[in-house]
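Enquirer: Starting off with a structure, shown below.
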Amino acid sequence: MNAPWKSGLPGNRDPFSAYICDDNALDVLRPVVIELGWQPEKCNKGGLRNAVQSLSVSASPAILVVDLSESGDPLNDINALAEVCEPGTVVIAIGQVNDVRLYRDLLSSGIHDYLLKPLSPQQVHDALNQALAVFMSPKAGDADSAKRHISTAVVGTRGGVGASTIATSLAWLFSEAHKAPTALLDLDVHFGTGALALDLEPGRGLTDAIENPSRIDPLFIERAMVRAGDNLSILSAEAPINQPLMTDGSAFVQLEDEFRQAFEMTVIDLPRNMLINFPQLLADVNLVVLTCELTLASARDTIRILSWLKSNASHAHPMIVANKVQPSLAEISKADFEASIERKVDFVVPYDIKAASNAAKLGQVFVDANRSSKATAAIRQIAERVMGVSSDDGAGVAGEKKSLLGNFDLKSMLAKKPKVDLTEAE
C-alpha cells in the first residue's frame, strides 16, 4: 500500500484483525478497537498459530495483532505467518517474554511493534495509531511513491460546526506546509464557501461536470479547476438556488478518479446530505474528518454518522474533531460527549471568533491568516496526522528498513524506543 486505507485493497480485506490467547488481553483490546471504529468481532480467541491457520484460507487484514504467548519458537512461527499474509499487512505482536533481544529480532524480521503483557489501553491505542500512520505516509524506496494519494472527506455533523473552515485549512496546509499537490472539492453545490474562503471566483467547472460527466478527463480537470496556489486547486460552484441538483453522483466519482491521477491529496468538503444521497463518494476515501461541536444534537448526529460509516464505508478511518470549543460555555462537557459517542475525540479546536473575522477580512483561509492562533495549531496537528507525520518528529517518517519477511509492508522502527521496559537477558 502506498497511501492510507487505499481503496486498491481487495474488497474482502478487513482493516483490522487480532488473534489473542487470553481473555484479559481481549478485554483490554476490544474497547480500543471499538473506539477506532473497527469491529470487536475481529478480536479472535487463539494465538499466532490460529492466525496462520485462519489467514491461510482468508484474506489478511491491513493491521494484524498476534499473540505470541503460546509460541515456543516466535521467530520461526512469524516466518510461517509471513507465508500466508498478503503484501501490505502491518503486524503488531504481543507476548509475555521480557527480553530486548527478542524485541530486536522481531523488529528485524519485519514486525511493526512488540507489546508486553499485561496490556494497558493506552499502550494498545498508541500502537494501533502508529500502525495507522504506516498507511498515512509514502514508503521510502517505493518506485510508486510519487503516485500515492490520500483522500480526506470533511463532514460536519451539524450546520455551522465549521467543517468548511477545517476543509479549506487542511487543503491549504497540505499544499503549502507539506508541498503536496492538492485538490479541494467543495460539494456544497449551492452554498459552498471553499472558493470564498480562498478569495476566488468558483467558476463553472463543477456545474459543467455535473451536467456533462462524459467530458471529465485530465484536460477538463486542468481547465476547470481554479488555481489557488502553486500546489492547490479548487473545484466548486455557486449554482442558482432555483436549480435543483440533478445528478446520480457519477460525475463526482469520476472527478475523484481524475484527482487520484493528478494530485497527491484530495480534500472533499462533503455536506452530510450529500453523504447520504451519494454513498459511493466514500468508496475511495481514506479518512473521514467528522467535525462536531459539544452539543447534544451534535453528539446524536455523530453517533448516527459513525454508525453509517461503519455500515457503508468501513474502510474509511473516522477522525473526530470537536471544533469551536469553549469549555466554559459548552452545552455538554468533552467527557460526557465522548461517553455518548463511545469513543475519544481525536482533536479539539478552540473557538476563536477574532481569528475567524480576521481570515474573512483578509480573504485568506483560517490557518494562513492566523498562523499563531491556538486553533491553527490544532488544525496543523490534524494535517500532520493525515499526512502521517508525527508532531514529535518534524523530519517525517524514517526510511523503511529491509525486512526478512518480504510479505510485511512495515514502517521503520529506527530511532524509536520500545514501549515496554525490556532488559537485556542474562
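Enquirer: Just want the ordering: Ser340, Ser214, Ser233, from fewest to most Cβ atoms lying within 10 Å of their own Cβ.
Expert: Details: Ser340 15, Ser214 9, Ser233 23.
With the sparsest Cβ surroundings first, the list reads Ser214, Ser340, Ser233.
Enquirer: Now, a different point. Please state, rounded to one decimal and in Å, the Kirkwood hydrodynamic radius that the range 145-387 gives when every pair of distinct Cα atoms enters the mean of 1/r.
Expert: 18.0 Å
Enquirer: For Arg371, Arg300, Arg158, which order do you get if you count the other beta carbons within 10 Å of each Cβ and list the fewest first? If you can, show how the numbers build up before the last one.
Expert: Working: Arg371 9, Arg300 14, Arg158 17.
With the sparsest Cβ surroundings first, the list reads Arg371, Arg300, Arg158.
Enquirer: Turning to a different aspect of this structure: Going by the alpha-carbon gyration tensor, a ≥ b ≥ c the square roots of its eigenvalues, is the range 16-135 rounded (a/c under 1.5) or, if a/c is not under 1.5, prolate (a/b greater than b/c) versus oblate? Intermediate values should be presented prior to the final figure.
Expert: Working: a/c = 1.29, a/b = 1.11, b/c = 1.16.
Verdict is rounded for the range 16-135.
Enquirer: Say the cut-off is 29 Å between C-alpha atoms; which of Lys344/Lys374; Lys310/Lys334; Lys42/Lys324; Lys324/Lys361; Lys310/Lys354 go over it?
Expert: On the way: Lys344/Lys374 20 Å; Lys310/Lys334 23 Å; Lys42/Lys324 35 Å; Lys324/Lys361 19 Å; Lys310/Lys354 37 Å.
Result: Lys42/Lys324; Lys310/Lys354 exceed 29 Å.
Enquirer: In whole angstrom, how long is each semi-axis of the equivalent ellipsoid of the range 68-214, when you take the square root of 5 times every eigenvalue of its Cα gyration tensor and sort them from largest down?
Expert: On the way: eigenvalues 405, 68, 38 Å².
Computed over the range 68-214, the values are 45, 18, 14 Å.
Enquirer: Quick one: order Thr168, Thr89 by neighbouring beta-carbon count within 10 Å, fewest to most. Don't skip to the end; give the middle numbers.
Expert: Working: Thr168 30, Thr89 26.
Final ranking by Cβ density, sparse to dense: Thr89, Thr168.
Enquirer: Around Asp23, with a cut-off of 15 angstrom between Cβ atoms, what is the net charge of the other residues, counting Lys and Arg +1 and Asp and Glu -1?
Expert: Working: positive: Arg30, Lys45, Lys117; negative: Asp22, Asp27, Asp67, Glu70.
Net charge in that neighbourhood comes out at -1.
Only the coordinates and a few stated rules stand behind these numbers; no lab work does. Because the structure is a prediction, the values reported are computed rather than measured. When we count neighbours, we look across all protein chains shown, and the Cβ atoms used for this are built from the backbone with ideal geometry, even at glycine.
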